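Heads up: the structure comes next, in structure tokens.
What follows is calculated from the coordinates using simple rules that are stated; it is not laboratory data. What you are looking at is a predicted structure, and each value in this text was computed from that prediction instead of being measured. As a convention, Cβ positions derive from the backbone with ideal geometry for all residues, glycine included, and neighbour counts pool all protein chains shown.
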Amino acid sequence: MTTELTPELAATIEAGFARRDRENMGPTIAFFERLLAEHPDNPYVLYEVGGSYDTAGQEATAVGYYERALPGLSGETRRKCLLQYGSTLRNLGRYEESLAVFKAACAEFPESDSLRVFKALTLQAAGMPDKALATLLLVIADKVDTADLKRYEAAIRGNAEYLSSRG
């Protein structure tokens, strides 16, 4: 029993993920549940079980797996788990918890555009549309490198700052 991601376990996870059918998640859930029985408490397997339930629309079940997985995860898998966990909390209407997850995740992974985009979705769902738009404007200002947008970068950032300061 290991809590590490061995090359063999990584290959098995990848194979199970590759066979995933988003329209019929039952076989994928069963695959990862069996894998979890073979590797109890392995955070990487827990994450995949949670993700499978999440994709199947069973967010309430997914949350527990994400919570159990997070302390043992690192790197890219941790970033993905934080995103999915925060998004799942949002889908469950747990906006304050979701925002707390995204705030911490964005601090831990400041280079992650996907975390900022999903944080914006939570801000919007939580009734903070100005802050949501401000977040997206900053992603655009930071990442869209066209002459047309770069000409107005200061204005985009100024508008983001203004919107972020409202409410």
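Overview of values
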read-out: Qualifying trypsin sites (Lys or Arg not before Pro) in the range 1-59, DSSP loop, other Cβ atoms within 10 Å at most 12; value: 19, 22
read-out: 13 Å beta-carbon shell around residue 27, net charge (K/R +1, D/E -1); value: +1
read-out: Nearest 10 degrees, 0 to 90: helix 59-69 Cα axis against the chain principal axis; value: 80 degrees
read-out: Degrees, to the nearest 10: 43-55 long Cα axis against longest axis of the chain; value: 70 degrees
read-out: Net lengthening on full extension, residue 30/residue 154 (0.36 nm per residue, minus Cα-Cα); value: 39.5 nm
read-out: Helix 75-91 vs. the chain, principal-axis angle (Cα, 0 to 90°, nearest 10); value: 80 degrees
read-out: Hits among aspartates and glutamates - C-alpha to C-alpha of residue 131 under 13 Å, sequence gap 8 or more where chains match; value: 161
read-out: Residue-span extension gain [residue 4 to residue 113] - 0.36 nm each, minus C-alpha spacing; value: 36.5 nm
read-out: Extension gain from residue 19 to residue 166, taking 0.36 nm per residue of separation minus the Cα-Cα distance; value: 48.3 nm
read-out: Those GluC sites (Glu not before Pro) in the range 1-84 that DSSP places in a loop and that have at most 16 other beta carbons within 10 Å; value: 4, 23
read-out: All lysines inside 17 Å of residue 143 as judged from Cα atoms, apart from same-chain residues fewer than 8 positions distant; value: 119
